[in-house]
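Asker: Here it is, the structure, as structure tokens.
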Amino acid sequence: MDSVVRRLLRTKPAEQIVAEGGHGEGGELRRTMTLWQLTLFSVGATLGTGIFVILGQAVPKAGPAVILAFVLAAVTALFSALSYAELAGTIPVSGSSYSYAYATLGELVAWVCGWCLMLEYAVSVAAVAVGWGEYLNHFFRDLFGWQLPAAITHSPGDQGGVINVTAILIVLLATWLLLRGASESATANAIFVLIKIAVLVFFCVVAFTAFESGNLTPFVPMGVAGITAAASQVFFSYIGFDAASTAGEEARNPKRDLPLAILLSLVIVTVVYVLVALAAVGAMPWQQFDPETTEASLALIADRATGSTWAGLIISFGAVIAIASVVLTVLYGQTRILFAMSRDGLLPRIFERIDPRRQVPVANTLIVATFVSVLAGFIPLGQLAEATSIGTLFAFAIVNVGVLVLRRTQPDLPRSFRTPLFPLTPILGVIFCVVVMLGLAGVTWLAFAIWMAVGLLAYFLYGFRHSRLSRSVR
């Protein structure tokens, strides 16, 4: 029994993880991604439909003080971002928080973390893809006056849906870009991100033309409780800043660029969110925000400000591009995490096979794309999609604990970035993650518990027996 427990808690030396970086069965990943591309990867994964949708839900909770809610949520995310930055610079590999947990808390915790990331990435990208058809229809309706039939834009059983063809199409488009290579994917993502930032800047310019300072008073109509309630909701608009850490083995200068990319992306996203929130509540009284029509809240404000529909059309186009960017970056992150887990023997070896010509894990990418396409095309995700948030927060908490452990066990390990105010920062990171998790609905916890039970069963049936670390130390 003791030997089993020791195997479950055995850590993989950070030096060994770094030494194995970039190598897979059949070839190596190619280091092509610059600081700019890495930053935009994280921005692409973070700056998605959240700001187009969640603002309309958060404003009724906090009023004009929703601006402070975005700042509070950013501070909450910052604690975990600083921990990610330290570990990404110390252990610059594809596995993100999975690899960090393996180096600090042991194999079982690493598996649990990797399993949580599968929930975060695979299910969340399917959930995002499901909504693409609706935004596409909104765009077509404003531009041409017609829309695609519900049978191909909704999942079975959802508003007359038969198969969500539009969701499958956006997943296939992202897959095609990923198979072309990491550099090509990064370039496409950079274009997507710059377009959606330009659209949000356009919204701010238009909204500020209708800005009335009286709309900001009273600034805190719902009190501090309203700000914290809104902050808990908008926090999920920040999930995704860790995407750059999944590109650790394809970055040109990972020790320098990964920490910078993670922190820069959080700053960029926060500035965009605060400006959009300020413009929105200044242009339209907060009492008029309807949580039932959140999808079109920014488009509605833009239309009101200009007195026509052309501005809302541009906003709808921005939402379509935003989803495409999220699908691309999150699908990429999922494949790289599975690649790292396969290299450790915890998943079948097919996930680590690299095409020698393209230098990308082709089979891995196709398997993930097929799985996500089935989810997005045929299954109404419902509450399961919300469970992605709890999986993400769990992974964030593990990363914060990992910083504390690694500083204690390997204080002399070279670190290109050190979390400031240690150990206060990672401790606060853990506390904030737990507080937000406790605020989630009971059905979300149930879905998470079921997912974890399936994950532990999979580990003991396969990963425990095939772990390369365990075989190497027998």
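The values are calculated or read from the model by the stated rules, or taken from the named source; none is laboratory data. For clarity, every value in this text was computed on a predicted model and none was experimentally measured. Don't worry about glycine lacking a Cβ; one is built from the backbone with ideal geometry, like all the others, and counts go over all protein chains shown.
Asker: Of the residues that make up the range 158-166, is at least one touching a Lys or Arg at 6+ places or on another chain (Cβ under 9 Å) and aliphatic (A, V, I, L, M)?
Answerer: no
Asker: Answer yes if at least one residue in the range 36-53 is within 20 Å of LEU298 (Cα to Cα), surrounded by fewer than 22 Cβ atoms within 10 Å (Cβ to Cβ) and touching a Ser or Thr at 6+ places or on another chain (Cβ under 8 Å), and no otherwise.
Answerer: yes
Asker: Take the range 325-378 and flag every residue that is part of a helix (DSSP H, G or I) and surrounded by fewer than 20 Cβ atoms within 10 Å (Cβ to Cβ).
Answerer: Residues satisfying the conditions are ARG349, ILE350, VAL362, ALA363, LEU366, ILE367, THR370, PHE371, VAL374, PHE378.
Asker: Related question: Please state which of the following conditions LEU82 fails to meet, knowing it meets all the rest: (1) within 18 Å of PRO426 (Cβ to Cβ); (2) in contact with a Pro (Cβ under 6 Å, 6 or more places away or on another chain); (3) not small (Gly, Ala, Ser).
Answerer: (2)
Asker: Further, regarding this structure: Please tell me if VAL401 is assigned to a helix (DSSP H, G or I) and without any contact (Cβ under 8 Å) to a residue 12 or more places away in the chain.
Answerer: Details: assigned to a helix (DSSP H, G or I): yes; without any contact (Cβ under 8 Å) to a residue 12 or more places away in the chain: no.
It is false that VAL401 is assigned to a helix (DSSP H, G or I) and without any contact (Cβ under 8 Å) to a residue 12 or more places away in the chain.
Residue-wise test of (1) closer than 20 Å to MET33 by Cβ; (2) modelled with pLDDT under 95; (3) not hydroxyl-bearing (Ser, Thr, Tyr).
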{"residue": "ILE168", "(1), (2), (3)": "no, yes, yes"}
{"residue": "THR175", "(1), (2), (3)": "yes, no, no"}
{"residue": "ARG180", "(1), (2), (3)": "yes, yes, yes"}
{"residue": "SER183", "(1), (2), (3)": "yes, yes, no"}
{"residue": "ALA186", "(1), (2), (3)": "yes, yes, yes"}
{"residue": "ASN189", "(1), (2), (3)": "yes, yes, yes"}
{"residue": "LEU200", "(1), (2), (3)": "no, yes, yes"}
{"residue": "ALA210", "(1), (2), (3)": "no, yes, yes"}
{"residue": "GLY214", "(1), (2), (3)": "no, yes, yes"}
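Asker: Specify the residue that is surrounded by the most Cβ atoms within 10 Å (Cβ to Cβ); the eligible residues are those in the range 143-174 that are in contact (Cβ under 8 Å) with a residue 12 or more places away in the chain, part of a loop (DSSP other than H, G, I, E, B) and β-branched (Val, Ile, Thr).
Answerer: The qualifying residue surrounded by the most Cβ atoms within 10 Å (Cβ to Cβ) is THR153.
Asker: Only one of ALA88, ALA74 is surrounded by 24 or more Cβ atoms within 10 Å (Cβ to Cβ) and either part of a helix (DSSP H, G or I) or at positive phi (or both). Can you tell me which?
Answerer: ALA88
Asker: Which one is surrounded by the most Cβ atoms within 10 Å (Cβ to Cβ), of the residues in the range 175-209 that are part of a helix (DSSP H, G or I) and among the hydroxyl-bearing types (Ser, Thr, Tyr)?
Answerer: SER185
Asker: Among the residues of the range 389-401, are any over 30 Å from LYS255 (Cβ atoms) and surrounded by 13 or more Cβ atoms within 10 Å (Cβ to Cβ)?
Answerer: yes
Asker: Does ILE390 satisfy the criteria of being touching a Pro at 6+ places or on another chain (Cβ under 9 Å) and modelled with pLDDT under 85?
Answerer: no
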